[in-house]
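A.B. asks: Got a structure for you, written out below as structure tokens; questions coming shortly.
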Amino acid sequence: MSDCTSLELPFPHRRSPHQAGAAAHHRLWLDRYGRLAARTTESAYEHWEVADLAAICYPEAGPDELGLATDLLGFYFLFDDQFDTELGQHPAEVARICDRLTAIVHGAPASGGSTVEQAFSDLWRRSAAGMPARWRARAAYNWEWYLASHPAEAAGRSFAELPDREGYMVLRRGTAAMETLFDMIERLGRFEVPQSVFHHPVLRQLRQLAADIPSFSNDVRSYPLEAPRGDVYNLVMIVQQERSCSAEEAGAVVLGEAQLMVDRFAMLRLQLPTAYHQLELDHEQRGAAQRYADGLAAWLAGYLRWEGRTGRYRIS
């Protein structure tokens, strides 16, 4: 498949000045939870450039906050990768692991013998500290959604049944974990979006687009890795079946759809001031909503730039 997978964005990426410190912190965090990265060599992990991803997706984060973001992103990748093994074809075992992590966000202690649980417990404790109850409840739900999606993905691998597009979208929106990453925009900035605008149709659409665009792009990037190992939740494969076309053609279709979503994202951003006015938001409320919307754009621009450079999706 061609590597011509770039999308045109109407806004540039930015970078936090605290990347080096976050990278150093993250190395110590990985040492503390060493078994978390047991399947990945140190040299391979370095080529993923996780601190770089955090720095350009959360450019406004302070030093400590960027360290948390880097640890969180590293956890996502390493946790997800354990299911690329034989383990990932056993839904009941995957559910057992994920249920234990879900219990942690609802107050259960981590198992002393599980490095994964200890690492996740540390991330949840640091993320939730000082945040309002409404944010914690939403974040807990979004973590549960992410974790509870893995057994269904494992079942897809086990039975090798290609889902339809609707089924794909439902599951992909869970396993992509984007809502948990968007919750961190507020956490890292130490603010909260008023619920009236958080659930307004314009901001909800922006959030969904910012979640779906990277998933579409990632499916094109990761297709050469996922197809040989039997992963079926990939939109390129679904389009191939829908259109009876080659992987190259299907990838172009997926990217075309992603570009249309980018264009809609840009259009919706222009509607935000009208939404603020109609909701009668005060200056502080408008500021919080705009910081969040700007954070979605920063995430989108940062992720797409990182994805085009990282060694994570290259076939070695």
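A.B. asks: Which pairs have Cβ atoms under 9 Å, sit 6 or more apart or on different chains, and link a residue in the range 153-165 that is exposed (fewer than 14 other Cβ atoms within 10 Å of the Cβ) to one that is of a type in the set (A, V, I, L, M, F, W, C)?
C.D. replies: Filtered contacts from the range 153-165: F159/V232; A160/V232; E161/A155; E161/V232; D164/I238; R165/L235; R165/I238; R165/V239.
Residue-wise test of (1) loosely packed, with under 14 Cβ neighbours inside 10 Å; (2) outside any helix (DSSP H, G or I); (3) modelled with pLDDT of 95 or more; (4) on the phi > 0 side of the Ramachandran plot.
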residue	(1), (2), (3), (4)
H25	no, no, yes, no
R39	yes, yes, no, no
Y45	no, no, no, no
I56	no, no, yes, no
E60	no, yes, yes, no
G67	no, no, yes, no
L72	no, no, yes, no
D80	no, no, no, no
G88	no, no, no, no
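A.B. asks: Quick test for you: out of G113, G107, G88, pick the one residue that is in contact with a Lys or Arg (Cβ under 6 Å, 6 or more places away or on another chain) and not polar (S, T, N, Q). Full working, then the answer.
C.D. replies: Details: G113 fails: in contact with a Lys or Arg (Cβ under 6 Å, 6 or more places away or on another chain); G107 fails: in contact with a Lys or Arg (Cβ under 6 Å, 6 or more places away or on another chain).
Testing whether each residue is in contact with a Lys or Arg (Cβ under 6 Å, 6 or more places away or on another chain) and not polar (S, T, N, Q) leaves just G88.
A.B. asks: Say whether the condition of being without any contact (Cβ under 8 Å) to a residue 12 or more places away in the chain and either part of a helix (DSSP H, G or I) or among the hydroxyl-bearing types (S, T, Y) (or both) is met by at least one residue in the range 174-197.
C.D. replies: If we filter the range 174-197 for residues that are without any contact (Cβ under 8 Å) to a residue 12 or more places away in the chain, which is where we start, we get none.
No, that holds for no residue.
A.B. asks: Return the total of residues in the range 278-290 being assigned to a helix (DSSP H, G or I) and open to solvent by 40 Å² or more (accessible area, probe 1.4 Å). Reasoning before the result, please.
C.D. replies: Residues of the range 278-290 assigned to a helix (DSSP H, G or I): 278-279, 283-290.
Then drop every residue that is not open to solvent by 40 Å² or more (accessible area, probe 1.4 Å), which leaves 278-279, 283-286, 290.
Of the residues in the range 278-290, 7 are assigned to a helix (DSSP H, G or I) and open to solvent by 40 Å² or more (accessible area, probe 1.4 Å).
A.B. asks: How many of the residues making up the range 291-301 are in contact with a helix residue (DSSP H, G or I) (Cβ under 7 Å, 6 or more places away or on another chain) and open to solvent by 20 Å² or more (accessible area, probe 1.4 Å)?
C.D. replies: Final tally of qualifying residues: 1.
A.B. asks: I would also like to ask the following. Yes or no: A92 part of a helix (DSSP H, G or I), among the small types (G, A, S) and within 30 Å of P63 (Cβ to Cβ)?
C.D. replies: Details: part of a helix (DSSP H, G or I): yes; among the small types (G, A, S): yes; within 30 Å of P63 (Cβ to Cβ): no.
The answer is no for A92.
A.B. asks: Please go through the range 302-311 and give me each residue that is surrounded by fewer than 21 Cβ atoms within 10 Å (Cβ to Cβ) and of a type outside the set (S, T, N, Q), ordered by number.
C.D. replies: Keep residues of the range 302-311 that are surrounded by fewer than 21 Cβ atoms within 10 Å (Cβ to Cβ), which gives 305, 307-311.
Matches in the range 302-311: R305, E307, G308, R309, G311.
A.B. asks: Going through the range 249-268 one residue at a time, which ones are open to solvent by 70 Å² or more (accessible area, probe 1.4 Å) and over 16 Å from S6 (Cβ atoms)? Full working, then the answer.
C.D. replies: Our first condition is that a residue be open to solvent by 70 Å² or more (accessible area, probe 1.4 Å); within the range 249-268, this holds for 249, 260, 263-264, 267.
Listed by number, the residues that qualify are E249, R264, M267.
The values are calculated or read from the model by the stated rules, or taken from the named source; none is laboratory data. If you're wondering where the values come from, they're calculated on a predicted model, not measured in any experiment. Positions of Cβ are generated from backbone atoms using ideal geometry, with glycine treated the same way; all protein chains shown enter the neighbour counts. Accessible surface is based on the protein model in full, side chains and every heavy atom, while ligands, DNA and RNA are left aside. Shrake-Rupley method; radii C 1.70, N 1.55, O 1.52, S 1.80 Å.
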